[in-house]
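Asks: Below you will find the structure I want to go over with you.
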Amino acid sequence: MQMARHFHEEIRQLRQKLIEMGFAAEDAVARACDAFFNSNPKLAQQVIQGDPVLNRLEIEIDEAGYSLFALNQPVAFDLRQVLMMLKINTTLERVGDHAVNIAQKTLQVLEEPPIYIDFQFEAMARSAGAALRAALDAFLKEDAGMAREVLKQDDEIDRFNDQLFEVLKKYVEKNPHGAGAAFAYLSIGHNLERIGDLAGNIAEDVIFLKQGREVRHRIELTES
């Protein structure tokens, strides 16, 4: 009985550390987008310099999670819970990497002559950020229904990315001198699209935890 209480306390601590990482990754994305939209190189540098914090958290969570496997050999729901947290841990580290990429491309954009395109970049960023927030909320509440709603948001972010590609393609055809900034814009859009995909991965992991089945490739989204 004492061993079971100790195990579940370690699970709780692992969950708290993962929540901390989730907030840090979400903040990195928000600050990277702010740096881009406000042409703020100092803020972009802060995002880049903050990446080791996420890397450190990823290592700490991995070590704690694999220790739980080695010492307790969890089964059933407990096994799924540890597996889910380890997968989300890796996903959040990748979210942080994409935030850094956005910050780096922002610095590149600021070195190029400005370009003007007809595209709702802020709406795309809001959509990606909202998907990430909703996925983290689904994890906090262990709510499979909320997680399924996150998966349905992915199409909107993909449409934004497709639109951006077409807009930039036409721009470069008419303004080849702006290709450097245009490619940086395209990379920023791609990173936002990947953040949306990673939010979907977190949602899939929550569904796996609650229902014990995979929904990768968006299979059976309409089931409860």
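Asks: From the residues in the range 162-201 that are farther than 21 Å from Ala32 by Cα and β-branched (Val, Ile, Thr), which one is farthest from the chain's Cα centre (by Cα)?
Replies: Val172
Asks: When Thr90 is evaluated against the numbered criteria (1) within 30 Å of Ala181 (Cβ to Cβ); (2) surrounded by fewer than 21 Cβ atoms within 10 Å (Cβ to Cβ); (3) hydroxyl-bearing (Ser, Thr, Tyr), which criterion, by number, is the only one it fails?
Replies: Here Thr90 meets the rest and fails (1).
Asks: Right, here's the next one. Among the residues of the range 103-115, are any aliphatic (A, V, I, L, M) and in contact with a Lys or Arg (Cβ under 9 Å, 6 or more places away or on another chain)?
Replies: The answer is yes; a qualifying residue exists.
Asks: Restricting attention to the range 120-172, which residues are of a type in the set (Val, Ile, Thr) and touching a helix residue (DSSP H, G or I) at 6+ places or on another chain (Cβ under 7 Å)?
Replies: Those that are of a type in the set (Val, Ile, Thr) and touching a helix residue (DSSP H, G or I) at 6+ places or on another chain (Cβ under 7 Å): Val150, Ile157, Val172.
Asks: Next question. In the range 68-77, is there at least one residue being of a type in the set (Gly, Ala, Ser) and under 18 Å from the mean Cα position of the chain (by Cα)?
Replies: Scanning the range 68-77 turns up no residue that is of a type in the set (Gly, Ala, Ser) and under 18 Å from the mean Cα position of the chain (by Cα).
Asks: Step by step: first the residues of the range 133-173, then only those that are of a type in the set (Val, Ile, Thr) and touching an Asp or Glu at 6+ places or on another chain (Cβ under 8 Å), then the one that is surrounded by the most Cβ atoms within 10 Å (Cβ to Cβ). Which residue is that?
Replies: Ranking the candidates gives Ile157 first.
Every residue, every condition in (1) out of contact with any Ser or Thr (no Cβ under 8 Å at 6 or more places or on another chain); (2) in a loop (DSSP other than H, G, I, E, B); (3) under 23 Å from Ala125 (Cα atoms), yes or no:
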site: Lys17; (1), (2), (3): yes, no, no
site: Ala24; (1), (2), (3): yes, no, yes
site: Ala28; (1), (2), (3): yes, no, yes
site: Ala35; (1), (2), (3): no, no, yes
site: Val47; (1), (2), (3): yes, no, yes
site: Leu54; (1), (2), (3): yes, no, yes
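Asks: For the range 132-186, how many residues are touching a Pro at 6+ places or on another chain (Cβ under 8 Å) and without any contact (Cβ under 8 Å) to a residue 60 or more places away in the chain?
Replies: Total meeting the criteria: 0.
No value in this document is a laboratory result; all are computed from the given coordinates. Quick caveat: nothing in here was measured; it's all calculated off a predicted structure. Counting neighbours? That spans all protein chains shown, and the Cβs are built from the backbone with ideal geometry, glycine included.
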